Amino acid sequence: MRSKKFILLVLIPVFLHVLVFMIIPIIGSGVISFLDYNPLRDNNTFVALENYKQLFSDGDFWKALKNTLVFVVVAVAANIVISLFLSAIITQFRSNRTRSFFRMMVFLPCIAPLVASSVVWGRSIYPTNGGLINLIVTSLGGKPLNWLGDARYLMMSVILFTLWADVGYNTILFSAGMDGIPTEFYEAAAIDGSGRWNQFWKITFPLLGRTFAFVLVMTVISYFQMFAQFNVLALKNGPQNSGLVLTSYIYKLAFTNKNMGYASAVSVALFVIIMIVTLIQQRLNKVDWEY
């Protein structure tokens, strides 16, 4: 009984955090979405579903949704592939010190704040004149490109930065999952003459089912909510709104246009999209295995 009381006492701050910073804001946003709400006005009228009807005729909303989906699909897929590849390499080292060293090196970019890292990349990696990438391109005989000022390259530039900043987190998770797979499976496969590539697809990948499902869901949810790098690298949402995503559109509506009622409707739409995608992923990624 005492242990249960202690557990409940310890969990109270967590429950309060979830209540104050997650549940109440979600409910509040849902309520505001039915209002023509401006925080600078005294009277905010009830407009029912007008804000949601406006979504269907809002070209900027559909542009932001398209950009968001492109970013999430490409960045998540690349993140999963790269982190699996790095994890497979790291787990090949027998020394725990060597593994820890490479895990630390891969994870280092995750420690840096996204805003600060975005500023560094925007001023030293991506500039047309003197940027690191363009220096490499020109040294190979190519022409310098306007990575952040050209609609054709902006989203690719943001995705590249996001992978650099975030791939280490999933690498650690996949690496931990691979370390938990019993070595007996690999020993038996080696005796049968199975190569490393075959072992990965027939042993490692199937037994990473739960880790893979968790990483996929959490990465998708996180990438739908990405904001900092778009706000820094895609100035004014980029040329032709090529860097406009739902999070930046919500920020623009709420804090620039002061149209918080419509911004809340967009945020509710984003919440519903994330929830639907998450439920579909959980249904598709059901795994049942033992070892």
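The values are calculated or read from the model by the stated rules, or taken from the named source; none is laboratory data. All values derive from a computational prediction rather than experimental measurement. Note that we place each Cβ from the backbone using ideal geometry, even for glycine, and neighbour counts take in every protein chain shown.
Just a few scattered comments:
- The sole residue among 247, 219 that is more than 18 Å from residue 178 (Cβ to Cβ) and β-branched (Val, Ile, Thr) is 247.
- For residue 74, the conditions (1) surrounded by 17 or more Cβ atoms within 10 Å (Cβ to Cβ); (2) within 30 Å of residue 152 (Cβ to Cβ) are fulfilled apart from (1).
- Taken over region 233-252, the criterion of being part of a helix (DSSP H, G or I) and of a type outside the set (Lys, Arg) is satisfied by 233, 235, 237, 239, 240, 241, 246, 247, 248, 249, 250, 251.
- The listed residues are 189, 228, 176, and the only one of them that is more than 15 Å from residue 71 (Cα to Cα) and either of a type in the set (D, E, K, R) or touching a helix residue (DSSP H, G or I) at 6+ places or on another chain (Cβ under 6 Å) (or both) turns out to be 189.
- Residue among 4, 63 that alone is basic (Lys, Arg) and at pLDDT 90 or above: 63
- Flag for residue 286 being surrounded by fewer than 22 Cβ atoms within 10 Å (Cβ to Cβ), closer than 28 Å to residue 118 by Cα, at pLDDT below 90 and not polar (S, T, N, Q): no
- Residue 269 vs. criteria over 25 Å from residue 115 (Cβ atoms), modelled with pLDDT under 90 and small (Gly, Ala, Ser): no
- Scan of region 93-111 for residues that are in contact with a helix residue (DSSP H, G or I) (Cβ under 8 Å, 6 or more places away or on another chain) and modelled with pLDDT under 90, ordered by number: 93, 99
- Selection of region 89-111 for residues being among the hydrophobic types (A, V, I, L, M, F, W, C) and either surrounded by fewer than 19 Cβ atoms within 10 Å (Cβ to Cβ) or not in a helix (DSSP H, G or I) (or both) yields 89, 93, 101, 102, 104, 105, 107, 108, 110, 111.
- Scanning region 194-242 for residues that are closer than 30 Å to residue 60 by Cα and aliphatic (A, V, I, L, M) turns up 216, 217, 218, 220, 221, 226, 228, 232, 233, 234, 235.
- Helices (runs of 4 or more DSSP H) enclosed by region 126-232 - at least 3 residues per element that are at pLDDT 85 or above and buried (at least 20 other Cβ atoms within 10 Å of the Cβ): 154-179, 209-224
- The single condition among (1) in contact with a helix residue (DSSP H, G or I) (Cβ under 7 Å, 6 or more places away or on another chain); (2) modelled with pLDDT of 85 or more; (3) exposed (fewer than 11 other Cβ atoms within 10 Å of the Cβ) that residue 35 does not satisfy is (3).
- Checking each residue in region 268-288 for being in a helix (DSSP H, G or I), of a type outside the set (A, V, I, L, M) and in contact with a Leu (Cβ under 7 Å, 6 or more places away or on another chain) picks out only 281.
- Of all residues in region 204-215, those that are touching a residue at least 60 places away in the same chain (Cβ under 8 Å) have Cβ atoms under 7 Å from Cβ atoms of residues that are surrounded by fewer than 16 Cβ atoms within 10 Å (Cβ to Cβ) and not in a helix (DSSP H, G or I), 6 or more apart or on another chain, in 207/289; 207/291; 209/287; 209/289; 210/287; 213/285; 213/287.
- Listed conditions (1) assigned to a loop (DSSP other than H, G, I, E, B); (2) surrounded by 15 or more Cβ atoms within 10 Å (Cβ to Cβ); (3) not aromatic (Phe, Trp, Tyr) are all met by residue 265, apart from (1).
- Sole residue being surrounded by fewer than 17 Cβ atoms within 10 Å (Cβ to Cβ), more than 24 Å from residue 206 (Cβ to Cβ) and touching a residue at least 60 places away in the same chain (Cβ under 8 Å), chosen from 55, 114: 55
- Restricted to region 192-225, and to residues there that are closer than 30 Å to residue 64 by Cα and among the small types (Gly, Ala, Ser), the residue that is farthest from the chain's Cα centre (by Cα) is 213.
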